[in-house]
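Structure first, then comments.
The values are calculated or read from the model by the stated rules, or taken from the named source; none is laboratory data. Remember, it's a predicted structure, so these values are computed and weren't measured experimentally. Glycine also receives a Cβ, built like all others from the backbone with ideal geometry; neighbour counts cover every protein chain displayed.
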């Protein structure tokens, strides 16, 4: 038995170890996110950690990064509630990529059909143009020969669906980002937010969707076409849409209020 005078030190040490063990264990109530990355025609090496930081800063999300999505199976996906795609096959990217095997394609679709969530950020859906079910799942994709964008510039994101759980209570907000026009939008999706594509910025002269939502089987899909680079993701409105959209995709419910979930303040003139 240790001397009496050493007991306080021993108790402090045990308390510290218990606290550290708890800190390393994800909260059982956390939303478990699988963030797929490892290839993109954008700078995924900076945007992937930024997305992880933006989600985990809220305290409601536990994010695991997967850089080899071609190896996903039903068993590998089982622990998660939502997939977030920051991965694509578009163009050359920075790594060679092959097609996903049939078991991965099936597991991916079944995950959402059976109640899982799916989230796309920016070009995270620009893959598998010959796979119609994937195109439907991802809501909006880059269509070669149709979709385009001008240079990154400042524009206002307009909230179009004020009664949807993701965007309820949000105000329009400015962002300096890349704005796609004439994206391949799936039929029947809900456009949550859009932005005017200014012809002076080589745009279409129309309001273009930037945030969309829909169901896929028993699951929920959310697509956020903003977020060309990590610095654009620092805009408060982007973070709010990302967190709310990911929570909704995972649960089908509105995200509980909290400091990071609250809509960003309306800029004053």
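So which residues in segment 162-196 are touching a residue at least 12 places away in the same chain (Cβ under 8 Å), outside any strand (DSSP E or B) and over 24 Å from residue 43 (Cα atoms), if there are any at all? Please lay out each step first, then the result.
First, pick out the residues of segment 162-196 that are touching a residue at least 12 places away in the same chain (Cβ under 8 Å): 164-186, 188-196.
Now restrict to residues that are outside any strand (DSSP E or B): 164-172, 178-179, 182-183, 186, 188-189.
Those that are touching a residue at least 12 places away in the same chain (Cβ under 8 Å), outside any strand (DSSP E or B) and over 24 Å from residue 43 (Cα atoms): 164, 165, 166, 167, 168, 169, 170, 171, 172, 186, 188, 189.
Tell me, which residue of segment 107-123 that is part of a loop (DSSP other than H, G, I, E, B) and at pLDDT 95 or above is farthest from residue 218 (Cα to Cα)? Steps first, answer last, please.
First, pick out the residues of segment 107-123 that are part of a loop (DSSP other than H, G, I, E, B): 114-116, 122-123.
Adding the requirement that they be at pLDDT 95 or above leaves 114-116, 122.
Numbers: 114: 5, 115: 5, 116: 8, 122: 24 Å.
My answer is 122.
Whether any residue in segment 119-130 is within 21 Å of residue 249 (Cβ to Cβ), surrounded by fewer than 24 Cβ atoms within 10 Å (Cβ to Cβ) and in contact with a strand residue (DSSP E or B) (Cβ under 7 Å, 6 or more places away or on another chain) is what I want to check.
So far as segment 119-130 goes, no, none of its residues is within 21 Å of residue 249 (Cβ to Cβ), surrounded by fewer than 24 Cβ atoms within 10 Å (Cβ to Cβ) and in contact with a strand residue (DSSP E or B) (Cβ under 7 Å, 6 or more places away or on another chain).
Condition (residue is modelled with pLDDT of 95 or more, within 14 Å of the chain's Cα centre (by Cα), outside any loop (DSSP other than H, G, I, E, B) and within 29 Å of residue 63 (Cα to Cα)) applied to segment 147-161: is it met by at least one residue?
no
Name, by its number, the condition in (1) over 22 Å from residue 135 (Cα atoms); (2) assigned to a loop (DSSP other than H, G, I, E, B); (3) out of contact with any helix residue (DSSP H, G or I) (no Cβ under 8 Å at 6 or more places or on another chain); (4) modelled with pLDDT under 95 that does not hold for residue 2.
With (1) over 22 Å from residue 135 (Cα atoms); (2) assigned to a loop (DSSP other than H, G, I, E, B); (3) out of contact with any helix residue (DSSP H, G or I) (no Cβ under 8 Å at 6 or more places or on another chain); (4) modelled with pLDDT under 95 applied to residue 2, the lone miss is (3).
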